[in-house]
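Peer 1: One structure is given below, represented as structure tokens, and several questions about it will come after.
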Amino acid sequence: MTTIRGMEMIFLMAMVAALAMLGTTTAQTTHQVGESTGWVVPPGSAAAYASWTSTKTFRVGDILVFNFSTGTHNVAEVTKDAFDNCNISSPISVSTTSPTTITLSSPGDHFYICTISDHCGFGQKLGINCL
């Protein structure tokens, strides 16, 4: 009798653990950077990407999709200082093919710029906070 009862307890604890994990799982969101315009030098306003991010919530596991013309633009992950100053000399990473997908793997601030010509200076830069 104790063997069956012990097995029941183990099964019950496993079910509770599985249900607890289900409660903390959230679906990832895929964000098309710039929506239908894509990753371009923003027309009109250098604040276009800041405006775009103000309507979004970014979480660990979410995916950023950068759609751009390969050879015309790129996506570089950079530090905050490089982002603020459009310093293209030492990017963390650079992707040169479209579409570029980036899965947000850690919370905190993340910064992306285009290192082609003066595109960053014209507003092709994206800063997000990931929860």
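Peer 1: Test residue 46 against the stated conditions and say whether it is aliphatic (A, V, I, L, M), out of contact with any Cys (no Cβ under 6 Å at 6 or more places or on another chain) and modelled with pLDDT under 95.
Peer 2: So residue 46 passes the test.
Peer 1: Further question on the same structure: Take the residues of segment 31-40 that are part of a loop (DSSP other than H, G, I, E, B) and in contact (Cβ under 8 Å) with a residue 24 or more places away in the chain: which is surrounded by the most Cβ atoms within 10 Å (Cβ to Cβ)?
Peer 2: Filtering segment 31-40 for residues that are part of a loop (DSSP other than H, G, I, E, B) and in contact (Cβ under 8 Å) with a residue 24 or more places away in the chain, the one surrounded by the most Cβ atoms within 10 Å (Cβ to Cβ) comes out as 39.
Peer 1: Are there any pairs with C-beta distances below 6 angstrom linking a residue in segment 89-117 that is polar (S, T, N, Q) to a residue that is assigned to a loop (DSSP other than H, G, I, E, B), with the two at least 6 apart or on different chains, and if so which?
Peer 2: Matching pairs, first to second residue: 96/74; 98/67; 98/68; 115/74; 115/88.
Peer 1: Follow-up. Does segment 57-64 contain at least one residue that is free of Cβ contacts under 8 Å to residues at least 40 places away in the same chain and either closer than 26 Å to residue 131 by Cβ or more than 13 Å from the chain's Cα centre (by Cα) (or both)?
Peer 2: no
Peer 1: Here's something else I'd like to know. Identify the residue in segment 77-94 that is more than 18 Å from residue 123 (Cβ to Cβ) and among the aliphatic types (A, V, I, L, M) and, among all such residues, is surrounded by the fewest Cβ atoms within 10 Å (Cβ to Cβ).
Peer 2: Among residues in segment 77-94 that are more than 18 Å from residue 123 (Cβ to Cβ) and among the aliphatic types (A, V, I, L, M), the one surrounded by the fewest Cβ atoms within 10 Å (Cβ to Cβ) is 92.
Peer 1: Scan segment 41-53 and report the pairs whose first residue is touching a residue at least 12 places away in the same chain (Cβ under 8 Å) and whose second residue is in a helix (DSSP H, G or I), with Cβ atoms within less than 7 Å and a gap of 6+ or a chain change.
Peer 2: Short answer, once both residue conditions are applied: 42/48; 42/49.
Peer 1: Quickly run through segment 96-108 and pick out the residues that are crowded, with 18+ Cβ neighbours inside 10 Å and either among the small types (Gly, Ala, Ser) or within 19 Å of residue 50 (Cα to Cα) (or both).
Peer 2: 98, 102, 104, listed by residue number.
Peer 1: Something else: Can you report the number of residues in segment 77-98 which are in a strand (DSSP E or B) and β-branched (Val, Ile, Thr)?
Peer 2: Residues meeting the conditions: 2.
Peer 1: Please go through segment 14-43 and give me each residue that is among the hydrophobic types (A, V, I, L, M, F, W, C) and at pLDDT 60 or above, ordered by number.
Peer 2: Within segment 14-43, 27, 33, 39, 40, 41 meet the criteria.
Peer 1: Only residues that are polar (S, T, N, Q) and in a strand (DSSP E or B): list them for segment 48-76, please.
Peer 2: 70 - this is the single residue of segment 48-76 that is polar (S, T, N, Q) and in a strand (DSSP E or B).
Peer 1: Is there a residue in segment 59-76 that is surrounded by 12 or more Cβ atoms within 10 Å (Cβ to Cβ) and basic (Lys, Arg)?
Peer 2: Yes, the conditions are met somewhere in segment 59-76.
Peer 1: While we're looking at this one, here's another question. Given the options 98, 117, 51, name the one that is out of contact with any Lys or Arg (no Cβ under 9 Å at 6 or more places or on another chain), at positive phi and among the hydroxyl-bearing types (Ser, Thr, Tyr).
Peer 2: Answer to the selection: 117.
The values are calculated or read from the model by the stated rules, or taken from the named source; none is laboratory data. Since this is a predicted model, take the numbers as computed values, not measurements. Positions of Cβ are generated from backbone atoms using ideal geometry, with glycine treated the same way; all protein chains shown enter the neighbour counts.
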